[in-house]
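The structure under discussion appears below in the form of structure tokens.
The values are calculated or read from the model by the stated rules, or taken from the named source; none is laboratory data. These figures come from a predicted structure and were not determined experimentally. Note that we place each Cβ from the backbone using ideal geometry, even for glycine, and neighbour counts take in every protein chain shown.
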Amino acid sequence: MSYKTDYNRVAGLGRAGEGVHHFWMQRVTSIALVPLTILFLIPFGKALGGGYEALVATYSSFGNALTAALFLFVAAWHFAIGMQVVIEDYTHGGTRLVLLLLNKLLSFALGAAGVLAIAKILFSA
Amino acid sequence: MADVNRGNRPLSPHLQVYRLPLVAKISIMTRITGVALGGAALLIVWWFVAGAYSPEYFAVADGLLSSLLGKIVLIAALWALWFHFANGIRHFFFDLGKGFDLPTVVKTNWYVIGASVVLTVLTLLLV
């Protein structure tokens, strides 16, 4: 018989210490993306194919720039944690470790690139 | 214990011989569209970065994304986005413990498919 407490038998195993954080953030980002998707798509769709003038006209507006930056930032976050589950489901061992690292690094690099590009367009207009 | 009733028990469905019900096809399509939307995000961020870089480079990105090939890819991405979005909304109800009974699932399957098409057409009309 073990003299360990229930807590000590599970501490440090698996998701201990993180709990439902991953699940919860997937929902938080989903909820945020409901309005952000709509607010992003309309001005983006109108500017697309309109040349440089349309880009500057659309994203020199603070509201359009803010919603586009928020959309890309939250979407990158949502993608990073969603893709993490896909990788965990289908890969193992060293491959999994490498893919998990690349996933986080590239997802947030993509989000940051989008946010910075939008900021530059906004402030240089 | 592991050998009790071996061979004479219900087995879990195997992907290669089991015809997936519509709800399962929608489930895997939600994952596939989610992964594919990462590729669409790459194109969109490229478009913004090109715009931040120079007007000349932006003309290349904007021209490519509004070409026939670009339009086909982006319209497919738009449908993928609304499909992922619609099934995501259904999952909010699943999270609340609602809509798990079979008649409701069969009905909401078609809501998801219908909404993905309607929202795609609506977006194309609006922009």
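Of the helices (runs of 4 or more DSSP H) lying entirely inside the range B:48-127, those containing at least 2 residues that are polar (S, T, N, Q) and surrounded by fewer than 20 Cβ atoms within 10 Å (Cβ to Cβ) are B:102-126. Only residues that are assigned to a helix (DSSP H, G or I), within 7 Å of chain B (Cβ to nearest Cβ) and either buried (at least 20 other Cβ atoms within 10 Å of the Cβ) or not basic (Lys, Arg) (or both) were counted in the range A:42-53, giving 4.
In the range A:54-75, how many residues are hydroxyl-bearing (Ser, Thr, Tyr), outside any loop (DSSP other than H, G, I, E, B) and more than 25 Å from A:Gln26 (Cα to Cα)?
So the count comes out to 2.
Residues of the range B:36-70 that are under 23 Å from B:Leu125 (Cβ atoms), more than 8 Å from every other protein chain (Cβ to nearest Cβ) and over 18 Å from the mean Cα position of the chain (by Cα): B:Ser67, B:Leu68, B:Leu69, B:Gly70. Looking across the range A:90-125, just one residue is within 9 Å of chain B (Cβ to nearest Cβ) and among the charged types (D, E, K, R), and that is A:Lys120.
Scanning the range A:82-112 for residues that are surrounded by fewer than 12 Cβ atoms within 10 Å (Cβ to Cβ) and either in contact with a strand residue (DSSP E or B) (Cβ under 8 Å, 6 or more places away or on another chain) or over 25 Å from B:Ile28 (Cβ atoms) (or both) yields A:Gly94, A:Leu101, A:Leu105. Suppose the filter is aliphatic (A, V, I, L, M) and either at pLDDT below 95 or out of contact with any helix residue (DSSP H, G or I) (no Cβ under 9 Å at 6 or more places or on another chain) (or both); does A:Val85 pass it? Here the answer is no, as A:Val85 does not meet what is asked.
Of the residues in the range B:98-127, how many are more than 14 Å from the chain's Cα centre (by Cα), within 14 Å of chain A (Cβ to nearest Cβ) and not hydrophobic (A, V, I, L, M, F, W, C)? Adding up the residues that qualify gives 1.
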